[in-house]
Amino acid sequence: MKKRDIEFEKAVGIKVRVFRERLGWSQKHLADIANIEQNQVQRVENAKNTTTLAIITAIAKALGRQPFELLRTEHQVRVNTNFEAPARKKSPETTKHINEAVKSSFLNLPRSVVDIVKYCKERFNVTIPSSATSAVLKKLVEDKVLKRMPAKIKGRFLYLKK
């Protein structure tokens, strides 16, 4: 899904402009009342860049409105209908390098994810994210290739060849 819905943002901007103009206020006056910069009002009204709930709330309060009143528009936002978690993509290279580490004597001693990432960097000259490393290690534990044990730091683990 797209991250931004420009049409919705434009519709919200129009709402802000309509409420502001009904009060006979300039963008500068609204910004002063809302205690925000004038360019933030311009960005919301013109759907330039994204804004924050804090800015929307400040504008709504200044206009004497609830934030939902600015967000309720005729525009139909396309919503998610697929509630399945997307499958995480592991690079085959990540798996390959970690399997090479397993084949070596490196994991004959307990090692942390950080140790394994450093090993792969030094040995294979690759940078593997710790999250990807953890995912591969988890699979190797499930496949009973590695054993996982708690480290001294709570929530951290060490991995060792079985």
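Which condition breaks for R78 when tested against (1) surrounded by fewer than 17 Cβ atoms within 10 Å (Cβ to Cβ); (2) in contact (Cβ under 8 Å) with a residue 24 or more places away in the chain; (3) assigned to a helix (DSSP H, G or I)?
Evaluating R78 over (1) surrounded by fewer than 17 Cβ atoms within 10 Å (Cβ to Cβ); (2) in contact (Cβ under 8 Å) with a residue 24 or more places away in the chain; (3) assigned to a helix (DSSP H, G or I) leaves (3) as the failure.
Report those helices (runs of 4 or more DSSP H) wholly inside the stretch 4-70 carrying at least 3 residues which are surrounded by 15 or more Cβ atoms within 10 Å (Cβ to Cβ) and more than 27 Å from the chain's Cα centre (by Cα).
On the way: elements: 6-22, 27-34, 38-45, 53-62.
Where helices (runs of 4 or more DSSP H) fall fully within the stretch 4-70 and carry at least 3 residues being surrounded by 15 or more Cβ atoms within 10 Å (Cβ to Cβ) and more than 27 Å from the chain's Cα centre (by Cα), they are 6-22, 27-34.
Between a residue in the stretch 102-123 that is loosely packed, with under 12 Cβ neighbours inside 10 Å and any residue that is modelled with pLDDT under 95, which pairs come within a Cβ distance under 6 Å, given they are 6 or more apart or on different chains?
From the stretch 102-123, the pairs are N108/K161.
I want to confirm something. Restricting to the stretch 1-50 and keeping residues that are without any contact (Cβ under 8 Å) to a residue 24 or more places away in the chain and acidic (D, E), which single residue is nearest to L70 (Cα to Cα)?
E21
Residue under question is I98, and the condition is that it be assigned to a loop (DSSP other than H, G, I, E, B), farther than 30 Å from F8 by Cβ and aliphatic (A, V, I, L, M); does it hold?
Against the criterion (assigned to a loop (DSSP other than H, G, I, E, B), farther than 30 Å from F8 by Cβ and aliphatic (A, V, I, L, M)), I98 does not qualify.
Among the residues of the stretch 111-144, how many are assigned to a loop (DSSP other than H, G, I, E, B), hydroxyl-bearing (S, T, Y) and either more than 16 Å from L158 (Cβ to Cβ) or under 22 Å from the mean Cα position of the chain (by Cα) (or both)?
Number of matching residues: 1.
The values are calculated or read from the model by the stated rules, or taken from the named source; none is laboratory data. Predicted, not measured: the structure shown is a model, and the values here were computed from it. Quick reminder, even Gly has a Cβ in these numbers, built from the backbone with ideal geometry, and neighbours come from all protein chains shown.
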